[in-house]
Amino acid sequence: MKRISLLETAHEVVIRHLSAGDFAVDATVGNGHDTVFLAGCVGENGQVFGFDIQAQAVETTRQRLQVHECLPQVSLFHGSHALMAEFLPKHLLGQIAVVMFNLGYLPGGDKTVITDTNTTLLALDAAYGLLAEGGVITVLAYPGHAGGDRELVAVEAWCQRQEAAQQMRVEVFNSSHHQPTAPLLLVLYKLSASG
Ligand SMILES: C[S@@+](CC[C@H](N)C(=O)[O-])C[C@H]1O[C@@H](n2cnc3c(N)ncnc32)[C@H](O)[C@@H]1O
């Protein structure tokens, strides 16, 4: 039996919600795999905005985009995703179709540089503001490393507040080996103001 990874599930969700010409955000570009994927979905008439606090991640992503010939439709920022609303053009407020978060540390990089709970929550607030109605935020979270557990609890609480306020609908995907330390995928759909 083929085992579908949570990353593949996230990509399947994104494919259903992104069309050529759309705008998307990769909140954690890392090694650039998700950025290339998003750039392929939006095509040359769309635009992807990518963020990472590590210069190495931004450079690796830039090179990967170049190899895949999709650098022109991507704007990369060496900065925190908490500031995404400040970096994006103002006219795109409420126009973003998808925001992807892949939390934790850079694979193959410095494992002490991880996403931070407070910053992640600020980034989720910013992402919600940027998102179009019907738009989607995907959050791949890793509670297995120190700090990742606390971050997931905080992100889940943020999701619950969004649901209680009827601002978002939340779907949770567990790993096939469901344990408290296993990765988790949260898919958040922005509801329309009219319900
Ligand atoms: C799991 S990796 C991302 C993997 C990536 N999506 C890929 O396809 O290769 C997490 C990344 O988040 C970055 N990061 C940590 N804090 C951040 C922040 N405040 N803003 C933006 N990126 C951050 C890390 O530097 C790291 O590269």
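Coordinate-derived values only; no laboratory data. Remember, it's a predicted structure, so these values are computed and weren't measured experimentally. Quick reminder, even Gly has a Cβ in these numbers, built from the backbone with ideal geometry, and neighbours come from all protein chains shown.
Miscellaneous remarks
- Ranked by how many other Cβ atoms sit within 10 Å of their own Cβ, fewest first, the residues D125, D110, D26 fall in the order D110, D125, D26.
- Near the amide H of V74, within less than 5 Å, lie the amide hydrogens of V48, all on another chain or at least 5 residues away, with H placed in the peptide plane.
- Taking the chain and dividing mean pair separation by its residue count, relative contact order in percent (alpha carbons under 8 Å, at least six apart): 20
- Formal net charge of residues neighbouring F77 (Cβ-Cβ distance under 14 Å; K, R +1; D, E -1): -3
- Computed from label points 7 Å out along Cα-Cβ, the spacing between A164 and A55 is 4.3 nm.
- Seen from D149, the other residues with C-beta closer than 14 Å to its C-beta sum to a net charge of -2, counting Lys and Arg as +1 and Asp and Glu as -1.
- Stretchable slack from V113 to V172, in nm (0.36 nm times residue separation minus alpha-carbon distance): 18.7 nm
- Computed over the chain with a Gaussian network model linking Cα atoms closer than 10 Å, the most mobile of L83, L38, L152 is L83.
- A cut-off of 5 Å between modelled amide H atoms, ignoring neighbours fewer than 5 places along the same chain, links M168 with E163, L191.
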